[in-house]
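To start, the structure itself, in structure tokens.
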Amino acid sequence: MNRKLGPLLVFPGLLMGCAQLPTDLALTTPTKASWQKELAQLQVEPIVGTLTLNEAIARGLKYNLDRRAKQLEMEIASGQYESALQEMLPRARTQIDRNNRSQELLRRNSNGTPSNATTDRNNTIQDVGVSWSLLEFGVGYYNSKQARERVHIANERRRKLIHTLIQDVRSAYWRAACAQAMREDLKNTIAKAEKALEDSRAIETERVRAPTESLTFQKQLLESLRTLELIDQDLAPAQVELATLINAPSGQTLTLDTQWPDLNKSFNIPIEVLENMALERNADLREVQHQGRIARDETRKVLARMFPNLTFGVSAKYDTDSYLVHNQWEQASLQLSFNLMNLFTGPAQMRLAEAGVALADQRRMVMQMAVLTQVHLGRLNLQNTQKQNKRAEQIWAVDSRLANLAAAREQALMRGSLETVNAQASALLSQFRRYQSVAQVQVAESRLRAVMGMEFDDANVDRMALKDIIEKVAQSPSLTDNPTLKLSHAAR
């Protein structure tokens, strides 16, 4: 009876042991998370002093985790290309066969009597040879061409990531710069508006003024407070987003250089130059073209599989059978084979491959029209954002003067605090829109550069020093520079 109960008593112990596993895992999870965090920021230079826009872009290019992932994807694609090249090499083999028989191998003569020829019941055959298949070579050749195109596709996706990364860094930088410039004024204006709201409620309780006048005053203050709080909420995560993009240490306060960029340069590049450059260098269009080449190579690969296979082989063999006169010999073989099922499946495979080619061509034409449309829209958007930036500058200048005049009148006891709060809220909103317009101009330029394929050359960025990358970013041409430079880019 005890023997039967023994296994049943073991199960509760096992269950109690398994119940302790989540506790141990919970203890090790924070350690693993902290280790991964330290690994992500490994070899990241600390930020010292003021962070400029060029340095932020350089840090994003060097330390951004998404860019590192795309770089690894490209390296993997290159490794697959090298592996595909190796498939075309002859196959070298070595083989050892050990044979054990229960009876000796005896053969009969034509008259039915046993022959004297026999073999050992235990023997070993050693074989070293090289074989080469013509069909495998042809298929491997097209596989290597397709793998090479996939390397180019990975490179185009890396280019697109660089465009997006620089665009996001510029947008986050100016939002963070706006938060830095407006932080104190925004905080003081919100505190002043809340103090004025409390005073208005106290006056309403004491019935010093008419209820309608007090409520109207409070409504205007609440509208101003809502505007200020919306600005604060929009700017609050800007530094966190910027720190994530450049892989800066979390929790570090970034001090940004808010030097105002020159955005009043003219943009007079002919649309024909932009179109030609986009059709030649656009990353999306190039990716579609590489996909079309892969589809065409797939058609040739299907066609190659329909041919007979010719296999050559050369080997050296050795047999330990003591009854053999020649137990060591060289052997050459030539084999011709054909898969009869190709007669039935080949036409369907060819139709499928040709449909893939037609689809790739259609995608290429659609992408060409989309790229040309993006060029026109990007050029128009850049011009419009430049105009909006000039208008935002003018509105901010007027609102700033109005806020200063309202503050002066309040100090002279000529007006109440409501006019000052409203004027300061309007000035802060204009300043916020002014910074937004700067970000929109640079984002519009980045988008147009992405459509035209004018990406930053990040070759050897991982091996370059950060200061060298900053200099390289500062020297990169802008769309609003000399138009002859764009002509030279388009000519390449």
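The values are calculated or read from the model by the stated rules, or taken from the named source; none is laboratory data. Being a predicted model, the structure only gives us computed values, none of them experimental. Heads up, the Cβs are rebuilt from the backbone with ideal geometry, glycines too, and the neighbour counts pull from every protein chain shown.
Is it the case, given these coordinates, that Q362 is touching a Leu at 6+ places or on another chain (Cβ under 7 Å), within 30 Å of E275 (Cβ to Cβ) and not aromatic (F, W, Y)?
Criteria not met by Q362.
Looking at the stretch 328-343, can you tell me whether even one residue there is surrounded by 15 or more Cβ atoms within 10 Å (Cβ to Cβ) and assigned to a helix (DSSP H, G or I)?
Yes; the residues of the stretch 328-343 include at least one that is surrounded by 15 or more Cβ atoms within 10 Å (Cβ to Cβ) and assigned to a helix (DSSP H, G or I).
Test of understanding: among L285, L254, which residue is assigned to a helix (DSSP H, G or I), in contact (Cβ under 8 Å) with a residue 40 or more places away in the chain and of a type in the set (A, V, I, L, M, F, W, C)?
After applying the criteria, what remains is L285.
For every residue, the table says whether it meets (1) without any contact (Cβ under 8 Å) to a residue 24 or more places away in the chain; (2) of a type in the set (F, W, Y); (3) crowded, with 20+ Cβ neighbours inside 10 Å; (4) not in a helix (DSSP H, G or I).
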site: E136; (1), (2), (3), (4): no, no, no, no
site: H152; (1), (2), (3), (4): no, no, no, no
site: R157; (1), (2), (3), (4): no, no, no, no
site: T189; (1), (2), (3), (4): no, no, yes, no
site: R226; (1), (2), (3), (4): yes, no, no, no
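Applying the selection to the stretch 408-466, what residues are of a type in the set (K, R), in a helix (DSSP H, G or I) and modelled with pLDDT under 85?
Matches in the stretch 408-466: R409 only.
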